[in-house]
Amino acid sequence: MIAIPTVFDTNDDTPPATAKEQLQQVAAYENSLVQSVKGQPNDPVSLGAYADFLSCYPDRYSEALEMFERCLVCCCDKADVRGELLPQYDLVYSTYVSLYATFLSSMVTADEGNGERACTLYEKALEKSQGHPLALGDLATFLHRHKKAYREAEAAYEQHLNDHPGHASIWAKYGNFLKSVKRDMKAAARAFKTGVKVGPRNVEALTAYAVFLHGSTGDFELAETMYQRAFEADPLHVNNLSNFGLFLSECKAEFKRAETMYQKAMACDPTHANSAYNYAVLLDSGMKDQARAEEMYRKCLEANANHAFALYNLAVLVEEVRGSTDEGKREAEMLFVAAIEASPRDAVTMADYGRFKLVCLKDTKGAEELLKRSLAIDRACVVACYNLGMIELVHNKRKDEAKKLFSTALEVEGGHVESLRYMARIYVAEGKKKEAEAMLVRALENAKDERANISKELEELRRGGGGSGSGSGSAGVGRRRGSR
């Protein structure tokens, strides 16, 4: 049997190294891999181990690709006279073919051809080593996340966990499958708990359970415990640092602690787009530091130029900061367009671009087209309903159409202040003073800004006047939240 580096869970009780020690260990480990490849340039184990290491770094993907290809060629060279792989290399081949497939599947969005190649590689790995834990577990994840072949994915997860019940990472992935695909929260919770039980120091299992508790159950105390355990197990795990920061920001409003987590994540991997994005959201919405937020959104886009939420948030920020200038308007519009290209089915981004066209560019026709496209995607999009309602009322003079749109917005978001104010105007025009007053009372109850103006409208209506204030104009969605 050929010895290969372990690729499965390590659940020992060894105390974690400090961040500095871990960085030193990483550098030393890479140096040992490089020396191994130089000393044994045709050894598939040396090549595969180095390829796996390189695949962890987005800016070194081309090196990883080359190294995986060399590894497979060298594996195939270890064949007998009939062309059959020597038995002692079956496990080596299956392991590194599986790792290569997982690497390719991570780049499926950039090149759909990678998906077909990944699927073929998983099948080859299982053909050479039936029931191979890495191949079977990662194939299940691939079928789930990339092929959307949910029935086959579920069967692969169940087969893997039946054969390898101690594989904590796959329990975590299965939990995510049960949560996002099956919508079975009880079964998902059991899977996440099992992953943590069999892998008490497995960072992927701990983080997955923490994210589930954070986003789906509201058990913030236990979520923080899981995030902290994951941090103690691996202080340099970027996904955990980013998710922990998001939790501290969203759920506890502990902005300084959250910032520390994001800074640690960015120090570990400056190209980690989600960390940069979440940090930007914290600076933008939590700490109200627009200059640093803009810098961080741009850093996110350097790592992932198609990060739709970063493009959208940056568009809104540029509009707020420089939207009064022609240059600012042009830049904001370019960002809105790029955000829609990155996520063409995002109804909210399309609707807010319509609002921008209406308010900043004074392009009513272009705005109306975008808002209708948004509603074709999601008829309950509040931003689209409200802004299109305003166009129908103010520009097209179609009161009944406007009333329908404002009513839809209020069905979805009963406290939408501007829809309430415009509904009040419509009721005043119809001579329905009581209904108008009820709308303005609700608007006042839900308002954060504009309270003085709403109070003035309500007072005027009660005195017998029209109460037909103009409202504050077009309303957007604000910022997108962080991303787990």
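The values are calculated or read from the model by the stated rules, or taken from the named source; none is laboratory data. This structure is a prediction, so every number in the text was calculated from the model and none was measured. Glycine gets a Cβ as well: all are built from the backbone with ideal geometry, and neighbour counts include every protein chain shown. Accessible surface areas use protein heavy atoms only, side chains included; no ligands, DNA or RNA. Shrake-Rupley method; radii C 1.70, N 1.55, O 1.52, S 1.80 Å.
Identify the residues of segment 260-302 with backbone N under 18 Å of a label point that sits 7 angstrom from the Cα of ALA27 along the Cα-to-Cβ direction, or state none.
Residues passing the 18 Å test: 267-270.
Given the Cα-Cα distance of ASN162 and LYS432 and 0.36 nm per residue of separation, how much length would full extension add, in nm?
90.5 nm is the gain from fully extending ASN162 to LYS432.
Report, by chain and number, residues whose modeled amide H sits under 5 Å from the one on GLY166, excluding near sequence neighbours (fewer than 5 apart, same chain).
none
Residue separation times 0.36 nm, minus the C-alpha to C-alpha distance between GLU254 and LYS186: what's the value?
21.5 nm
Given a Förster distance of 35 Å, report the FRET efficiency between GLU232 and ALA149 from their Cβ-Cβ distance, rounded to the nearest 0.05.
FRET efficiency, GLU232 to ALA149: 0.40.
Determine the alpha carbon to alpha carbon distance for each of LYS197/LYS264; LYS186/LYS264; LYS182/LYS448; LYS372/LYS397; LYS264/LYS448 and list only those over 29 Å.
LYS186/LYS264; LYS182/LYS448; LYS264/LYS448
Quick one: accessible area per residue over segment 173-284, 1.4 Å probe, rounded to a whole number of Å²?
Value for segment 173-284: 38 Å² per residue.
Modelling each spin label as a point 7 Å along the Cα-to-Cβ direction, I'd like the LYS397/ARG463 distance in nm, to one decimal.
Result for the modelled spin labels: 3.0 nm.
Within 12 Å, Cβ to Cβ, of SER55, how many net charges do the neighbouring residues add up to if Lys/Arg are +1 and Asp/Glu are -1?
It works out to a net charge of -3.
In segment 142-267, what percent of the accessible surface is made up of carbon and sulfur (1.4 Å probe, ligands and nucleic acids excluded)?
Carbon and sulfur together cover 49 percent of it.
For segment 159-172, what does the Karplus curve 6.51 cos²θ - 1.76 cosθ + 1.60, with θ = phi - 60°, yield as ³J(HN,Hα) per residue in whole Hz, taken in order and with x for Gly and Pro?
5, 4, 6, 5, 7, 9, x, x, 8, 4, 4, 6, 4, 5
For ILE377 and ALA291, what is the calculated FRET efficiency with R₀ set at 41 Å and r taken between the beta-carbons, to the nearest 0.05?
With R0 = 41 Å, the Cβ-Cβ based efficiency is 0.75.
Roughly how many Å² is the accessible area per residue of segment 304-385, as a whole number, for a 1.4 Å probe?
It amounts to 45 Å² per residue over segment 304-385.
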